[in-house]
1. On the given criteria, is PRO120 of a type outside the set (A, V, I, L, M), within 26 Å of THR154 (Cα to Cα) and free of Cβ contacts under 8 Å to residues at least 40 places away in the same chain?
2. For region 63-77: of the residues being among the charged types (D, E, K, R) and closer than 30 Å to LEU12 by Cβ, which is nearest to the chain's Cα centre (by Cα)?
3. Give region 131-152 a look and list any residue that's touching a Phe, Trp or Tyr at 6+ places or on another chain (Cβ under 7 Å) and among the β-branched types (Val, Ile, Thr), or say none.
4. State which residue pairs qualify: first residue of a type in the set (Lys, Arg) and inside region 15-29, second residue crowded, with 16+ Cβ neighbours inside 10 Å in any location, beta carbons under 7 Å apart, and separation of 6 or more residues or different chains.
5. Please go through region 94-114 and pick out each residue that is more than 11 Å from the chain's Cα centre (by Cα) and over 24 Å from ASN163 (Cβ atoms).
6. Residues that are among the charged types (D, E, K, R) and exposed (fewer than 14 other Cβ atoms within 10 Å of the Cβ), at least 2 per element: which helices (runs of 4 or more DSSP H) completely within region 1-100 meet that?
Amino acid sequence: MIEEIGRKIRNLRTAAELTQDELAGRAGLTDGFISQVERGLTSISVDSLKQILDALNVSLAEFFEEEEPVKVVFREKDRVELEEVGTGKLLLLVPGATNREMEPALLRLEPGQSTDIRPPFQGDVFGYVLQGRVQLDYGGDNHKVGAGNCFYFTAEHEHQISNPGGRHAELLWITAPPSF
């Protein structure tokens, strides 16, 4: 329990971008005491904990709230399919990724299929071709990208991915920030 309290204080302090010395000054404690608490080397009184949490703008109730486990592994059954007629199949690999920094998807294109023309946005696009071959149209230039190769660009121009080949193509497609 002592180690967990120390870990939570350290995480809150670093999230607030404070040094141990700065937190100690705000809480009216010594930096040595903060260090010992964070490393789980000493117990802490309720009064001292309250001083630290006040300095971090965190209530006791918030501090002792049970944390939801963070999901880090996403299985095939978790995928969300987005499909439009004639534009291939887009599988969102991480549901709820719109609340994250990037959005990974799996794009499957049958021969002759292409994505809609994507408008410019402030962000980046990455693609890694897993199977087949695709054509990337970016800012008026056409690029052929085969299996095992990738592309990366800043999305300041319209772009589209198509499959001009005779067999299906599949690629990992990542946008940052999310745009699907």
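1. Considered against the rule, which asks whether it is of a type outside the set (A, V, I, L, M), within 26 Å of THR154 (Cα to Cα) and free of Cβ contacts under 8 Å to residues at least 40 places away in the same chain, PRO120 comes out as yes.
2. Applying the filter and picking the extreme gives LYS71.
3. Residue satisfying the conditions is VAL145 alone.
4. Final answer for the pair search is ARG26/ALA55.
5. Matches in region 94-114: PRO95 only.
6. 2-15
Coordinate-derived values only; no laboratory data. On a predicted model such as this, the values are computed, not experimentally measured, just so you know. Here Cβ is always computed from backbone atoms with ideal geometry, including for glycine, and neighbour counts include all displayed protein chains.
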